[in-house]
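First the structure, in the form of structure tokens, and then the observations on it.
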Amino acid sequence: MTGPRVLLIEDEPQMRRFLRASLEGTGFSLIEASTAAEGRSLAGSYNPELVLLDLGLPDGDGITLTKALREWARMPIIVISAQGREANKVQALDAGADDYLTKPFGVSELLARMRVALRHAAAAGGAPEPVRSFGDVELDLQRRVVTKAHVEVHLTPNEYRLLVVLAQHAGKVLTHGHLLKEVWGPGSAQQTHYLRVYMAQLRQKLEDDPARPKLLITEPGVGYRLKDVA
Ligand code: CA
């Protein structure tokens, strides 16, 4: 196998079997660990290009493991978590995970998230693209101009900043805390109502139908994601 190396850290044998079957024939090369300790050791010896991480492990939690991996490794970490544990997802993302999937999830969604994460990791090494497009929305970072269907859209400085942060991590979920810190500064981590207001304004200006957003996606209880559409 020569495809991207994926390390799966998951204690449930059924889940491992499902993921092994899902990745078969997709070109990914999979190695499995069933404990946090084994995962940490394989992350060092196997040098994976992507990690799939379950949060509840018998010998420790995925959040602590994420922090430990982030001390030396930059490969994308996608958390696979049980449903209804929003606080854990937020903690994992803030600890340095790149994305999360809630069980149960579909194979195509998993593969799409893995491809986005790998693409981001590859792009992070190169020069940033000056112009990014998301459907008919174009963001020119150099000229600080945003257009929709080739018509310039006027954004306030905070709306623009929020869009830039989302665009820099397009396809990935960003937590409320992360977005607030980036746009309004470290003292504003609790002001989630700022985000609600500004996301509503951005949707008014950029979405075809602000009530049914296709670009600026809400991740309930966690944060927001700018959909990575071509
Ligand atoms: Ca588990």
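For a quick check of your reading of the model, give me the residue pairs whose first member lies in the range 35-50 and is outside any loop (DSSP other than H, G, I, E, B), whose second is surrounded by fewer than 18 Cβ atoms within 10 Å (Cβ to Cβ) and of a type in the set (D, E, K, R), with beta-carbon atoms closer than 7 Å and at least 6 apart or on different chains.
Ala36/Asp59; Ala37/Asp59; Tyr46/Arg5
So which residues in the range 42-82 are away from the ligand (no atom under 12 Å from the Cβ) and at positive phi, if there are any at all?
Hit for the range 42-82 is Asn47, nothing else.
Kindly provide the set of residues from the range 30-41 that are within 15 Å of the ligand (Cβ to nearest atom) and not β-branched (Val, Ile, Thr), ordered by number.
Glu32, Ala33, Ser34, Ala36, Ala37, Glu38, Gly39
With respect to Leu93, is the statement that it is surrounded by 21 or more Cβ atoms within 10 Å (Cβ to Cβ) and in contact (Cβ under 8 Å) with a residue 60 or more places away in the chain true?
yes
Output the number of residues of the range 55-76 satisfying the condition of being outside any helix (DSSP H, G or I) and in contact with a helix residue (DSSP H, G or I) (Cβ under 6 Å, 6 or more places away or on another chain). Before you say what the answer is, go through the steps one by one.
Applying the first criterion (outside any helix (DSSP H, G or I)) to the range 55-76 yields 55-61, 71-76.
Filter once more, keeping what is in contact with a helix residue (DSSP H, G or I) (Cβ under 6 Å, 6 or more places away or on another chain): 55, 57, 59-60, 76.
The number of residues fulfilling the criteria is 5.
How many of the residues making up the range 83-98 are within 14 Å of the ligand (Cβ to nearest atom) and either assigned to a loop (DSSP other than H, G, I, E, B) or touching a Pro at 6+ places or on another chain (Cβ under 7 Å) (or both)?
Qualifying residue count, the range 83-98: 2.
Would you point out the residue of the range 1-29, among those that are crowded, with 20+ Cβ neighbours inside 10 Å and part of a strand (DSSP E or B), that is nearest to the ligand (Cβ to nearest atom)?
For the range 1-29, the residue satisfying everything is Ile9.
Which numbered condition in (1) part of a loop (DSSP other than H, G, I, E, B); (2) in contact (Cβ under 8 Å) with a residue 12 or more places away in the chain; (3) more than 16 Å from the chain's Cα centre (by Cα) is the only one that Val183 fails?
Evaluating Val183 over (1) part of a loop (DSSP other than H, G, I, E, B); (2) in contact (Cβ under 8 Å) with a residue 12 or more places away in the chain; (3) more than 16 Å from the chain's Cα centre (by Cα) leaves (1) as the failure.
Considering Gln190, Gln204, which residue is part of a helix (DSSP H, G or I), of a type in the set (S, T, N, Q) and at negative phi? Can you show your working first?
Details: Gln190 fails: part of a helix (DSSP H, G or I).
Every option except Gln204 fails the conditions.
Of everything in the range 69-86 that's modelled with pLDDT of 90 or more and under 14 Å from Leu42 (Cβ atoms), which residue is surrounded by the fewest Cβ atoms within 10 Å (Cβ to Cβ)?
Out of the qualifying residues, it is Met75.
Taking Ala122 as the residue in question, decide whether it is at pLDDT below 90, within 16 Å of Asp228 (Cα to Cα) and either outside any helix (DSSP H, G or I) or of a type in the set (Ser, Thr, Tyr) (or both).
No.
Quick one: in the range 99-119, which of the residues that are within 16 Å of the ligand (Cβ to nearest atom) and within 12 Å of the chain's Cα centre (by Cα) is nearest to Gly223 (Cα to Cα)?
Across the range 99-119, the extreme among qualifying residues is Tyr100.
Filtering the range 193-227 down to residues that are farther than 12 Å from Leu174 by Cβ and among the small types (Gly, Ala, Ser), which residue is surrounded by the fewest Cβ atoms within 10 Å (Cβ to Cβ)?
Restricting to residues being farther than 12 Å from Leu174 by Cβ and among the small types (Gly, Ala, Ser), the top hit is Ala211.
The values are calculated or read from the model by the stated rules, or taken from the named source; none is laboratory data. This is a predicted model, so every value here is computed, not measured. Note: ideal-geometry Cβ built from the backbone for every residue, glycine included; neighbour counts use all protein chains shown.
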